[in-house]
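Engineer: The structure that follows is given in the form of structure tokens.
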Amino acid sequence: MILGYTISVTDGDIDFYQDAPESCFCPKCKGILDNTYLPEKLRLSKKARVNDIFATYDGKTLISERAALFFKASFGDSCVLTCISAEIPLFLVNPIPVIPFDAVRRETIFEERCDLCGFYQGVYGAKPAFLKRYEPLPHGVYKTDIEFGSSAARHPLIIFGAPDKQLIKSFKFHGSGIHLREIES
């Protein structure tokens, strides 16, 4: 049974935290302490300019104004879209509902817990995703309770509900687009 879909998007060749102050990072492990940080100016690559959806080197998912209108109309309040660039309207995608990830069943690896901030140096083994539920997710956009990656590149998986595959495919994202991967029970 399909529970929902994780997404994979193209790499936008940009670093979200490139100009972030040191206070955003743990002084020991360099992990992100301030998830509310927004860059004052983002240096956009050509690749980022031609895609409606892409990821930064550090795992943030960004979308164009066109895609933001689609997300707002399609997913309403299940996702916060924060405008991060007035010059070229780009929006940070932050789903609100949190879905528990089954790290035991997936055999996710947690490396070296930082004794200063409490985060792990690295968390690996996100895909294929396993959730701590066995019923399909309803329509909506979600994020996992675990952030994957290392140091400043930790990020949750973004997941769409089981009935949303055709809706996402119908949008026709510009550029490399979005790839959906089934989450099975």
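Engineer: Out of everything in segment 84-142 that is among the β-branched types (Val, Ile, Thr) and modelled with pLDDT under 95, what residue ends up being nearest to Pro39 (Cα to Cα)? Show your work before the answer.
Structural biologist: Residues of segment 84-142 among the β-branched types (Val, Ile, Thr): 84, 88, 93, 96, 98-99, 104, 108-109, 123, 141.
Within this subset, residues satisfying the condition of being modelled with pLDDT under 95 are 84, 88.
Working: Ile84: 7, Ile88: 13 Å.
In this case the residue turns out to be Ile84.
Engineer: Moving on to the next point. Tell me which of these Tyr134 doesn't satisfy, since it passes every other one: (1) out of contact with any helix residue (DSSP H, G or I) (no Cβ under 7 Å at 6 or more places or on another chain); (2) under 15 Å from Leu157 (Cα atoms); (3) open to solvent by 20 Å² or more (accessible area, probe 1.4 Å).
Structural biologist: Exception for Tyr134: condition (2).
Engineer: List the strands (runs of 3 or more DSSP E) inside segment 95-152, counting only whole elements, that have at least 3 residues being over 29 Å from Phe70 (Cα atoms).
Structural biologist: Working: elements: 109-113, 120-124, 141-150.
By residue number, 109-113, 120-124.
Engineer: Then there's this: Can you tell me which residue is most open to solvent (accessible area, probe 1.4 Å) among those in segment 1-49 that are outside any strand (DSSP E or B) and acidic (Asp, Glu)? Reasoning before the result, please.
Structural biologist: Applying the first criterion (outside any strand (DSSP E or B)) to segment 1-49 yields 1, 10, 12-24, 26-31, 33-49.
From what's left, acidic (Asp, Glu): 13, 15, 19, 22, 34, 40.
On the way: Asp13: 67, Asp15: 57, Asp19: 88, Glu22: 129, Asp34: 51, Glu40: 186 Å².
Restricting to residues being outside any strand (DSSP E or B) and acidic (Asp, Glu), the top hit is Glu40.
Engineer: Which of the residues that make up segment 82-92 are in contact with a helix residue (DSSP H, G or I) (Cβ under 7 Å, 6 or more places away or on another chain) and buried (at least 17 other Cβ atoms within 10 Å of the Cβ)?
Structural biologist: The answer is Phe91, and nothing else.
Engineer: Within the set of pairs 6 or more residues apart or between chains, which connect a residue that is without any contact (Cβ under 8 Å) to a residue 24 or more places away in the chain inside segment 1-30 to a residue that is part of a strand (DSSP E or B) and buried (at least 19 other Cβ atoms within 10 Å of the Cβ) with Cβ atoms less than 7 Å apart?
Structural biologist: If the second residue must be part of a strand (DSSP E or B) and buried (at least 19 other Cβ atoms within 10 Å of the Cβ), the pairs left are Cys24/Ile32.
The values are calculated or read from the model by the stated rules, or taken from the named source; none is laboratory data. The shown structure was predicted, so the numbers you read here are calculated from the model rather than taken from an experiment. Counting neighbours? That spans all protein chains shown, and the Cβs are built from the backbone with ideal geometry, glycine included. Keep in mind that these areas ignore ligands, DNA and RNA; they rest on the heavy atoms of the full protein, side chains included. Shrake-Rupley method; radii C 1.70, N 1.55, O 1.52, S 1.80 Å.
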